[in-house]
Amino acid sequence: MNKALRSPAVFLLFTLPALILFVMFFIYPIFSSLYYSFTSWNGVSTHVKWIGLDNYSKALEQKRFWVSVKNNGWFIVFSIFIQVPLIVLFSLLISHVKKLKGLYKTTVFLPSIMSTAVIGILWGFIYEPDIGLLNQILGTFGIKPVYWLSDERYAMLSILITNAWQWTGFYIVMVLAAILSIPGELEEAAAIDGASAFQRATQIVLPLIRPIISVVIMLSIAGAMKAADIVLVMTKGGPAGSTEVMATYMIKYAITNFKYGYGNTIAVLIFIFTVVVTVLYQLLVARRNERIEY
């Protein structure tokens, strides 16, 4: 039996199904998108016209494309500088809960398993100008109704808050698992030495969970670059394209306007931008976070 398992033919037989699926659903789509990005094609006809770099030139000259790039940047900035600190804070608080800790973990994780459409509609009611909960609360302080999703000044912020609410619980569970895996003796020894709860959190817990925080940031960046569903549900990229992101920009051209070649160009640019951002993060930040051994 052991001799058979060492055979290259047996090894290939076991890996071939996964390899075929990987090629069909990952490698082939990438090269297919790359090819069609150099063409003018409506996605339906058999006539595919090769136009070289024209689609890329058009994209880089489009003001609306750069607006979508900027909005993806806002997703990244909001995730790293607002969402991640809140994730760490809530994880630290929940880790010190003595009773019903499982209930708290389930509660914060619940939005992550809900449909984005449901969350978009739910928050759409919260942001509703006349009867929405948020404006009702602001009204008690004498603040006039705010048009959260139809005003260019607030629409993007509203989407960022909704998106953060949906995914914060997922990351809290990850960080919380890392915190709970830290041996209790470390904090107990620090407490005996007179360290306060704040000192234990900042000087013991945070350095030890730095690798998982790095993973959370990487996942947040990847999620920010492919964000689309929450924008489509809540604003469809409006008002006046102010909440357009690269993925919704691609969908509108590839599917709505039947410019499949140009849509694939945007897909390739999303891939390139994502690789560049993640590589820069790995080089500048992530590689400094060494694996922690207890």
*Quote the relative contact order of region 49-288 in percent (integer), defining contacts as alpha-carbon pairs under 8 Å separated by 6+ residues.*
28
*asked:* Give the average over all directions of the projected area of the C-alpha convex hull of region 110-245, one decimal, in nm².
replied: 10.9
*Suppose R0 equals 41 Å; then what is the FRET efficiency for Phe14 and Leu206 from their Cβ-Cβ distance, rounded to the nearest 0.05?*
0.45
_Loop-resident sites, region 101-168, for trypsin sites (Lys or Arg not before Pro), counting at most 12 other Cβ within 10 Å (DSSP)_ = Arg153
*What shape does the chain have by the C-alpha gyration tensor, where a ≥ b ≥ c are the square roots of the eigenvalues, rounded means a/c under 1.5, and otherwise prolate means a/b greater than b/c and oblate the rest?*
oblate
*Can you list residues whose amide H is under 5 Å from Thr39's amide H, if they're 5+ apart or on another chain and H is modeled 1.01 Å from N?*
Ile51
*Peptides ranked, highest mean first, by Cβ atoms within 10 Å: ranges 92-99, 19-26*: 92-99, 19-26
*Extension gain (nm, one decimal) between Asn257 and Ala222, 0.36 nm per residue minus Cα-Cα*: 9.9 nm
*For the chain, what is the accessible area per residue in Å², given a 1.4 Å probe and the full set of protein chains?*
60
*What's the Kirkwood radius of region 227-287 in Å, using all Cα pairs?*
12.7
*With eigenvalues of the C-alpha gyration tensor scaled by 5 and rooted, region 64-164, Å*: 27, 20, 14
*asked:* For a distance above 22 Å, tell me the whole-number percent of Cα pairs in region 1-87 that qualify.
replied: 63
*Determine, from the Cβ-Cβ distance of Asp130 and Arg153 and an R0 of 22 Å, the FRET efficiency 1/(1 + (r/R0)^6), rounded to the nearest 0.05.*
0.70
*Which FRET efficiency, nearest 0.05, do Leu60 and Tyr35 yield, Cβ-Cβ r, R0 22 Å?*
0.65
_Given the DSSP H assignment, sum -39500 (n - 2.57) over each helix run of at least 4 residues in the chain and divide by its residue total; what's the result at 222 nm in deg cm²/dmol, nearest 500?_
-19500 deg cm²/dmol
*³J(HN,Hα) computed for each position of region 11-27 - Karplus, 6.51 cos²θ - 1.76 cosθ + 1.60, integer Hz, glycine/proline x*: 4, 5, 4, 6, 8, 4, x, 5, 5, 4, 4, 5, 5, 5, 10, 10, 5
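The values are calculated or read from the model by the stated rules, or taken from the named source; none is laboratory data. All values derive from a computational prediction rather than experimental measurement. Every residue, glycine as well, gets a Cβ built from its backbone with ideal geometry; the counts of neighbours run over all protein chains shown. Protein only, heavy atoms only, side chains kept; ligands, DNA and RNA dropped before computing areas. Shrake-Rupley method; radii C 1.70, N 1.55, O 1.52, S 1.80 Å.
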